[in-house]
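One structure is given below, encoded as structure tokens.
The values are calculated or read from the model by the stated rules, or taken from the named source; none is laboratory data. Bear in mind the structure is a predicted one, so any value in this text is a computation, not a measurement. Glycine gets a Cβ as well: all are built from the backbone with ideal geometry, and neighbour counts include every protein chain shown.
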Amino acid sequence: MTAPSIAIAPALAHGDIAGIPRKRMRAINRVVLFNVKYSPNLGDGLLSECLERELMRSLPDCEVVSVDLAGRTEYPASHGGARGLALALLDRCPPPLRQFAARAMLEMLLRGRLRGRYRRGLSGADAVVIGGGNLLTDSDLNFPMKISGALAEAARLSLPVSVYAVGVAPSWSQAGAKLFNRAFSRTRLIWASVRDDRSRQGWAAHFGPRVVPAEVVVDPGVLASLHYPPAPRSPSGRKVGFCVTDPLAVRYHSDKSSAATLEDWYPAALRSLVEEGFEVALFTNGSPEDREYLHGRFYDWIRHARGPVTLSPSFETPADLASFVSGCDAIVGHRMHACIAAYSFGVPAVGLRWDVKLDSFFDLAGRGRHMLDPASVDAADAGARTTAAIADHLDPAPLIAQACREVAEFAARLQGANA
């Protein structure tokens, strides 16, 4: 069985958003975004670049820069397994020992390197933004400690702080909650937004009336098709990009049962896609643990699939990721910003359930029926589910236009805070 050829509505062209109003107020000179732009996971870089560039459209005379919370200053040129090894070691530790070890390491990093980088990054800043990305989460105190350090530097300079399009986890550790609450209560927080309603509920539950309430805005990754050129589509119209995530990473960021079946599920899903008539291109978002996992199994998977399955070159920048995704006819995977970028370019995606943040985006985009849980859906159905996603008409233009308006309104807020 083969899927019908379905024309996908293209994303908005730059000219289509020219009529969106841009409010002009007193100019501000420098806006600093705290995020994880240079993470090996290029989805973080993609959303950061989209937010930077869209803010600069509304603030043409303003410098908009990102300061990476991990202290990175460029996209990683090497793809070693240090992070994967750290995840594996932490995964084997009892929770109290794991948190103790992580906290000790983070305190050393903050004192020795990170606080100084935050301080230098804020030089000349008029406004500070936390976001976007899945930042208000608590995996072994990573973001609670780093964001606390960044906000302490902003408070030292009495700078206005906003939060933009962040993800908020529904639960934090007791120590993480204390760090986040203390940091935001001591900050000149003028406005906050989150990227989905679940995060809005989490914000309200964690902070209550102690800080400003959060509004919901569209993830800036939706703007990818406005800021990266598209690649040509496959002449066959049958190319599926299959984004592979290491089950260890799935287990670390969700529950262990959601990762238990992936080792067998992945190759069986590839065979299903081949039997459905698709040409499959395997890729990752760039995380070293994902690359190592994929490269260690690629040849076995090809033999099992018995059809056109290829390994895509590793991506070095968010532009590489965007180009690859835009040239596919469908995407299958766990990684949120591979799916968001695909949506922006009008490429249908089948999301593999692991973290509620992915469900939230698919629901916002009206594509929730194309979420698939590998723990409960037979891999043999992957091909048919992908065919169904392609056949379901996709028009990203309204959500892209909404995201543009929201960033323009946010830019006006930043100017107003400095009036």
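When residues in segment 52-70 are screened for being among the small types (Gly, Ala, Ser) and over 14 Å from ASP126 (Cα atoms), 2 of them pass.
Checking every residue in segment 313-332 against the condition of being among the aromatic types (Phe, Trp, Tyr), in the same structural domain as MET371 (by TED's automatic domain parsing) and farther than 23 Å from VAL222 by Cβ gives zero matches. Just one of the listed residues (MET105, MET145) is at pLDDT below 95, outside any strand (DSSP E or B) and either not acidic (Asp, Glu) or not assigned by TED's automatic domain parsing to the domain that holds LEU248 (or both), namely MET105. SER123 meets the stated requirement of being modelled with pLDDT of 95 or more and either assigned by TED's automatic domain parsing to the domain that holds ASN35 or under 25 Å from the mean Cα position of the chain (by Cα) (or both).
Within segment 215-243, the set of residues being surrounded by fewer than 24 Cβ atoms within 10 Å (Cβ to Cβ) and among the charged types (D, E, K, R) comprises GLU215, ARG233, ARG238, LYS239. Considering VAL350, VAL356, VAL407, the condition of being modelled with pLDDT under 95 and among the β-branched types (Val, Ile, Thr) is satisfied by VAL356 alone.
For segment 373-398, the set of residues classified as under 30 Å from SER139 (Cα atoms) and either assigned by TED's automatic domain parsing to the domain that holds VAL194 or surrounded by 20 or more Cβ atoms within 10 Å (Cβ to Cβ) (or both) consists of PRO374, ALA379, listed by residue number. Identify, please: which residue in segment 126-137 is modelled with pLDDT of 95 or more and under 17 Å from the mean Cα position of the chain (by Cα) and is, among those, nearest to LEU47 (Cα to Cα)? Among those residues, the one meeting the criterion is GLY133.
Looking across HIS227, HIS253, one residue alone is at pLDDT below 95 and either in contact with an Asp or Glu (Cβ under 8 Å, 6 or more places away or on another chain) or of a type in the set (Phe, Trp, Tyr) (or both). It is HIS253.
Restricting ALA192, ALA231 to residues that are in contact (Cβ under 8 Å) with a residue 40 or more places away in the chain and within 23 Å of the chain's Cα centre (by Cα) narrows the list to ALA231. Consider segment 148-171 and keep the residues that are part of a loop (DSSP other than H, G, I, E, B) and out of contact with any Gly (no Cβ under 9 Å at 6 or more places or on another chain). The one that is surrounded by the fewest Cβ atoms within 10 Å (Cβ to Cβ) is SER158.
Counting only residues that are part of a loop (DSSP other than H, G, I, E, B) and either modelled with pLDDT under 95 or in contact with an Asp or Glu (Cβ under 8 Å, 6 or more places away or on another chain) (or both), how many does segment 173-217 have?
Pass one, segment 173-217, residues part of a loop (DSSP other than H, G, I, E, B): 173, 186-188, 195-196, 211-213, 217.
Going one step further and asking which of them are either modelled with pLDDT under 95 or in contact with an Asp or Glu (Cβ under 8 Å, 6 or more places away or on another chain) (or both), we end up with 173, 195-196, 217.
Going through segment 173-217 one residue at a time, the tally reaches 4.
Among the residues making up segment 43-97, those that are part of a helix (DSSP H, G or I), modelled with pLDDT under 95 and small (Gly, Ala, Ser) are ALA82, GLY84, ALA86, ALA88. Taking every residue in segment 392-405 that is more than 19 Å from VAL350 (Cα to Cα) and pairing it with any residue that is charged (D, E, K, R) and buried (at least 22 other Cβ atoms within 10 Å of the Cβ), at least 6 positions away or on another chain, the pairs with Cβ-Cβ distances below 7 Å are CYS404/GLU54. Under the condition of being at pLDDT 95 or above and out of contact with any Asp or Glu (no Cβ under 7 Å at 6 or more places or on another chain), the residues counted in segment 233-246 number 3.
Taking HIS304, is it farther than 24 Å from SER39 by Cα and not aliphatic (A, V, I, L, M)? In short, yes. Among the residues in segment 372-380, are any outside any loop (DSSP other than H, G, I, E, B), in contact with a strand residue (DSSP E or B) (Cβ under 8 Å, 6 or more places away or on another chain) and modelled with pLDDT of 95 or more? Yes, the conditions are met somewhere in segment 372-380. For TYR118, the requirement of being outside any loop (DSSP other than H, G, I, E, B), modelled with pLDDT of 90 or more and among the hydroxyl-bearing types (Ser, Thr, Tyr) is met.
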